[in-house]
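Just so it is clear, none of the values below were taken in a lab; they were calculated from the coordinates. Since the structure is predicted, the reported quantities are computational estimates derived from the model, not experimental observations. When we count neighbours, we look across all protein chains shown, and the Cβ atoms used for this are built from the backbone with ideal geometry, even at glycine.
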Amino acid sequence: MRPEDRRANLVDIVREQGRVSVETLAERLKTSKETIRRDLTELSDRGLVRKYHGGALAPEAAGEGPFQARLSQNMPQKRAIARRAAALFQSGDTLFIDTGSTTVYLAEELSTRSGITIITNSVSIASIMARGSDGTRVFLIGGEYRDEAAENIGVLAIEQISRFSAQHVVLTVAALDQRGAMDFDLQEAEIARAMIEQAGEVTVILDSSKFEKTALFGVCSLAMIDRIVCEASPSTRLADALRAASVEVVIAQNGRP
């Protein structure tokens, strides 16, 4: 197992369990306790876990409740999607990233890169990226703070987004069907729409459980999306609609780019 894969699995185990000993992690990951301790030191420095003597705790991420629960749902799929999506971007790129459980995993992948500029309304994503590689620039959009998802929303956030111009926007959505991308939260949908307006290319990252689903608020039509990154192929009907709208479908396989 590659070191980066082992550390990603370690973070997932800690998130799922909440509190895990070094011995348990070493057994689960089939490696030495010394290796686990080194991994925990690095991950603690990056804010991805909280290290204590003999083990690790899930970080006191801003936001509790449903959003934190979503972080532990479909973790392997989200991790694979995030890794594949991260491989699409390179040093010098500027990205809007919105708030979402899959985009948190994306930030963890991008935090090892240098020379990337991130503009986000997510406090968690900004924190992850700020602790990443040298040369990374992070802009945190302000506005009304919502603790449940650790995000800034509202009119002030939208006004600040309008001051930026980015090459890319990466969004995660609640639903995708032939009509386009949708969300259950009006204010998050408004943030996503504002980011799309200021970005050159639109990438939507989502797991296949969101396919052929609907949500209350529209984010954008399929024609506005340049590509989606997912872990499984869409149904024939959705695939045909994506093809007709010239949307590239990028499939993440086995957690590898």
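Some notes on this structure:
- Centre separation in Å (Cα based) which lies between segment 132-154 and segment 1-48: 26 Å
- Dipole check for the chain: with +1 at the C-beta of Lys and Arg, -1 at the C-beta of Asp and Glu, and the Cα centre as origin, the magnitude is about 840 Debye.
- Ordering of 219-225, 131-137 by packing is 219-225, 131-137, highest average first (other Cβ atoms within 10 Å, averaged per residue).
- Whole-number D in µm² s⁻¹ for segment 3-57, Kirkwood Cα-pair radius fed into Stokes-Einstein, 25 °C, 0.890 mPa s: 233 µm²/s
- This model, with +1 at the C-beta of Lys and Arg and -1 at the C-beta of Asp and Glu, gives segment 174-225 a dipole about its Cα centre of some 140 debye.
- By average C-beta atoms within 10 angstrom, highest first, the peptides 2-14, 95-107: 95-107, 2-14
- Local electrostatic count, residue 141, Cβ distance below 12 Å [Lys/Arg +1, Asp/Glu -1]: -3
- Once you reduce segment 104-126 and segment 199-244 to the center of their Cα atoms, the two points are 22 Å from each other.
- In the chain, taking the dipole from charged Cβ atoms about the Cα centre, the farthest positive-side position among 157, 90, 24 is held by 24.
- Over all other residues within a Cβ to Cβ distance under 12 Å of residue 116, the charged ones net out to -1, with Lys and Arg as +1 and Asp and Glu as -1.
- Residue (of 187, 200, 175) at the positive-pole extreme of segment 166-257, dipole from beta-carbon charges: 175
- GluC sites (Glu not before Pro) within segment 138-168, DSSP loop, no more than 16 other Cβ atoms inside 10 Å: 148
- Stretched out straight at 0.36 nm per residue, the stretch from residue 162 to residue 249 would grow longer than its current Cα-Cα span by 28.5 nm.
- The chain - mean residue ellipticity at 222 nm from DSSP helices (-39,500 (n - 2.57) per run, n ≥ 4, rounded to 500): -11500 deg cm²/dmol
- Stretch gain in nm, segment residue 16-residue 50, where the contour uses 0.36 nm per residue and the Cα spacing is subtracted: 10.9 nm
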